[in-house]
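Computed from the coordinates by the stated procedures, all read-outs in this text should not be read as laboratory data. Computed from a prediction, not measured in an experiment: that's the story for all the values here. When we count neighbours, we look across all protein chains shown, and the Cβ atoms used for this are built from the backbone with ideal geometry, even at glycine.
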């Protein structure tokens, strides 16, 4: 395999939220196969600066796959072609010389574009604000071992809690549904005994906010699961639906 | 060389026996009554473990809190990337742990350069942290009976580390974030994401507000408050390549320093020995591989210089297991600083491996032969997977290549026992302060400190500050706000106005290289002196040739980077100066001139058993060094040995 790649990029450029966007084509030569995808974009940005063109804006921070800040639709796939991998952990050896790579921002009504590849994901914070927590004030906590949590229950909670909040599930879904994200948090907290007291109100409030934000409905195509870099399972969506029904059927008012 | 002031520090450490100091402090601190709390406003900058936990706890008490972060959501702060775990003195495994032992290990681990009373308090509240996090639903690992599990971690003989798979930082941060968002819902916290703090506003000698840039619109905004909490992390990215997030920066702390906050021990930087090495000059960041790998991996380099064969093709007779050779007792399990320096020594001597020759092998061949691939996979599978993803090599077949990388910074803004800086009303929490880790931080202690400061220390001490001072109302129309805003705006305009030829990235890489080569794992006078001059030259070059395109009134990531770099170019000089003035070796600070015959760090307790706290006097001007003498009463001064 060749150690370097020559590539054609088609990148979505949009100067601002209200401006119209378009694809701009860039040629890159001599890209090392050891680079990460974002390092490839760094190289492009350095070349653009040299030429006097403004850099392509994209979100990123930890570059080790856990902060959830990076995004990008790469050839139509959220976070690119590798399963269980964020864009920052995707490496250029995954591509071939001569490839054309199309790079777009997340596209969803609830995630408006801010500039180029940067979108506004604050809707996720507002959903968490409505119930993605266990209401315990600092200082109120009982001794940690006072509430035993069976290892398998804890494992199930941890599987769901691993969500990095990147929004790939929304971007991958044809309906731009946020069900995988919301269900991961609902599952994490409703599975644990600590989350029991707020179990019914949490799921209802979070779902209500999800609807308000303009996310679409879930039609069980499971594209979200395929795209999720944290490998969150759609079984969480089933659990969310159960929790929601349970809350409605057993409502006290 | 530097002026030393004879300031007597009042670190406000309470009198009395060590174990009673914190209780005594809490007893003596004044309280704010609930009705008055509602009238008090507190600014918290940063939403990592320290910032999120402090903001949530203060809001629960009833204060009005304004929370700022540069990321798009508070959940993204870099605490999220911590892998290993969080220490606490619960003694669940019944192996003899106690508050005292955690305190002792941390003081000793810090090579006797931390403040004893702070460390003792940290150990005391460690157990409350675990209770708090478990109650929030943090999915800590459990035993089959449902009780919490522990594992061992570097430097301790007891098992006291709590963990959530390899994502402990993520789960703790999401816990603190959820507590923060709950308070956003009550209206007691106002959230300001995508804001970067660019100045501190000091009114009549008291920190009363901040200036931020809205990173989306580019607008500058003013916020006033009754006090300011700075929780903005460390300065590892001064080195360009580090395990920090790309956005982590020193800007907020540095701008506070320029407003009068002393900067303490900047030369205490932690270089972690097991990171994936640099693969090319395009490299943007480095990734840590947990140090637990050294339990089963053997570190070596070829006997011959510039041996370019693949690791698995080099026979045993031609290998140099240099850690086992030099440190027969501890072998591959020597502490972080020793392992890092030894790897650098071999590579500098020409024995490094890989294309860059800046790497050593970490080999699991013998462990796989002994325990089987399955056992190794069960222990380290996720790390092997991550390694393979980044390097494209299979570590089950060929040895890993590793090299040390900048990971954590023990230095930070000077704070007293109340976590208040030398500016009244400015409190500094977490990695941003200097207080608890001395010259070397032990594994699984950073998460503990961030949450201790935020959940259990700052909520008390800020209340005491507010109750003890009758602060006049301050409006953002005050002259001090106007001046600070003009200052911040002027700096950005100046950067945009240069319109030179060099990108921020290229200058940052050059600074990083300078610091890494001259003020990294080992330091010596001549190199440090020459680096100071080079940093000044590079700073001049920045201001004459930086090229930032686009406008200030828009999302402009290039401008953000250049602004942070400008501060690193000022800060870098202080980092080097501190390393130069500290004529001893301790923890992460190793001076070639000060080592034993066996190449071990040689402390000078007679002359350097102090905190160096630097006072800013102007860019390019000599800062004033203040010294806080450190006393070791409970843990007497002793030398560490690993032979």
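Taking a ≥ b ≥ c as the square roots of the eigenvalues of the Cα gyration tensor, an a/c ratio of 1.5 or more together with a/b larger than b/c marks region B:28-142 as prolate. Report, to one decimal in Å, the Kirkwood hydrodynamic radius for region A:4-114 based on all distinct Cα pairs. When all Cα pairs of region A:4-114 are included, the Kirkwood radius is 14.5 Å. Sorting A:166-176, B:223-233 by average packing, meaning the other beta carbons within 10 Å per residue, from highest down gives B:223-233, A:166-176.
Multiply the residue separation of residue B:468 and residue B:318 by 0.36 nm, subtract the distance between their alpha-carbon atoms, and state the gained length in nm to one decimal. Provide the component values of the computation, followed by the final result.
Numbers: separation 150, 0.36 × 150 = 54.00 nm, distance 6.90 nm.
Computed gain between residue B:468 and residue B:318 is 47.1 nm.
From largest to smallest, the equivalent ellipsoid semi-axes obtained for chain A from the alpha-carbon gyration tensor read 39, 19, 16 Å.
When the Cα convex hull of region B:224-300 is projected onto planes of every orientation, the mean area is 7.9 nm².
How many angstrom lie between the Cα centre of region B:585-643 and the Cα centre of region B:19-90? Rounded to whole Å, the Cα centres lie 30 Å apart. In whole angstrom, the protein assembly as shown maps to an equivalent ellipsoid with semi-axes of 36, 34, 31, each derived as √(5λ) from the alpha carbon gyration tensor and ordered largest first.
Sort region A:48-87 into rounded, prolate or oblate with this rule: let a ≥ b ≥ c be the square roots of the eigenvalues of the Cα gyration tensor; rounded if a/c is under 1.5, and if a/c is not under 1.5, prolate when a/b is larger than b/c, oblate otherwise. Taking the square roots of the gyration eigenvalues as a ≥ b ≥ c, region A:48-87 is oblate. Peptide A:51-62 shows a mean partner chain C-beta count of 6 within 10 Å per residue C-beta. In whole percents, the pair-distance distribution calculated for region B:481-552 from its alpha-carbon pairs, binned every 10 Å from zero, is 18, 37, 28, 15, 2. Counting only alpha carbon atoms, the long axis of helix A:151-161 and the longest principal axis of chain A meet at about 50°.
Given R₀ = 51 Å, FRET efficiency for residue B:98-residue B:526 by Cβ-Cβ distance, to 0.05? Let's see the in-between values first.
Numbers: r = 46 Å, r/R0 = 0.91.
With a Förster radius of 51 Å, E is 0.65.
Springs join every pair of Cα atoms under 10 Å in this Gaussian network model of chain A, and among A:27, A:130, A:51 the largest mean-square fluctuation is at A:51.
For region B:102-173, what Kirkwood radius comes out of the mean inverse Cα-Cα distance, in Å? Walk me through the numbers on the way to the answer.
On the way: mean 1/r = 0.0738 Å⁻¹.
About 13.5 Å, per the Kirkwood formula over Cα pairs.
Each of residue A:99 and residue A:226 was given a label point 7 Å from its Cα along the Cα-to-Cβ line. The distance between the two points is 1.8 nm. Per residue, the Cα convex hull of region B:479-610 amounts to 133 Å³. Peptide B:543-549 is shielded by partner chain Cβ atoms: per residue, an average of 2 of them sit within 10 Å of its Cβ. The angle separating the long axis of helix A:179-191 from the principal Cα axis of greatest extent in chain A is about 40 degrees.
Peptide packing for A:6-16, B:247-257 was compared via the average number of neighbouring C-beta atoms within 10 Å per residue; ordered from the highest value, the list is B:247-257, A:6-16.
In this label model, residue B:604 and residue B:489 are separated by 4.9 nm, measuring between points 7 Å along each Cα→Cβ vector. Axis angle, to the nearest 10 degrees, between helix B:504-519 and the longest C-alpha principal axis of chain B: 60 degrees.
Compute the label zone of residue B:498 within region B:571-588: residues whose backbone N is under 17 Å from the point 7 Å along Cα-to-Cβ. Inside the label zone: B:571-573.
What separates the Cα centres of region B:141-201 and region A:183-253 is a distance of 22 Å.
What Kirkwood hydrodynamic radius do you get for region B:56-206 when you take the inverse of the mean 1/r over all pairs of distinct Cα atoms, in Å?
Numbers: mean 1/r = 0.0571 Å⁻¹.
Over region B:56-206, the inverse of the mean reciprocal pair distance is 17.5 Å.
At 222 nm, what helix-only mean residue ellipticity would chain A give, in deg cm²/dmol to the nearest 500, using -39500 (n - 2.57) for each DSSP H run of four or more? Intermediate results must be reported in sequence, preceding the final value.
Details: 8 runs with 86 residues, N = 253.
My calculation for chain A gives -10000 deg cm²/dmol from helical runs alone.
Only helices enter this figure: runs of n ≥ 4 DSSP H residues, each worth -39500 (n - 2.57), summed and divided by the residues of chain B, yield -11500 deg cm²/dmol at 222 nm to the nearest 500. The Cα atoms of region B:146-188 define a convex hull whose projected area, averaged across directions, is 4.6 nm².
Here is the tail figure for region B:356-406: Cα pairs spaced more than 13 Å apart come to 60 percent of all pairs.
Would you kindly calculate the mean projected area, averaged across all directions, of the convex hull enclosing the Cα atoms of chain B, in square nanometres? Can you show the working numbers first?
Working: hull surface 111.2 nm².
One quarter of the hull surface, i.e. the mean projection, equals 27.8 nm².
With the simple spin-label model, which puts each label point 7 Å out from Cα in the Cβ direction, the residue A:208 to residue B:517 separation comes to 6.3 nm.
Principal axis analysis of the Cα atoms in region A:91-176 yields extents of 60, 30, 24 Å, listed in decreasing size.
Show log10 I(q)/I(0) for region A:121-249 at q = 0.09, 0.12, 0.22 Å⁻¹, two decimals, from a solvent-free Debye sum over equal Cα scatterers. With no solvent term, the Cα-only Debye profile gives -0.25, -0.44, -1.36. For the peptide B:68-79, the mean number of other protein chain Cβ atoms found within 10 angstrom of a residue's Cβ is 5.
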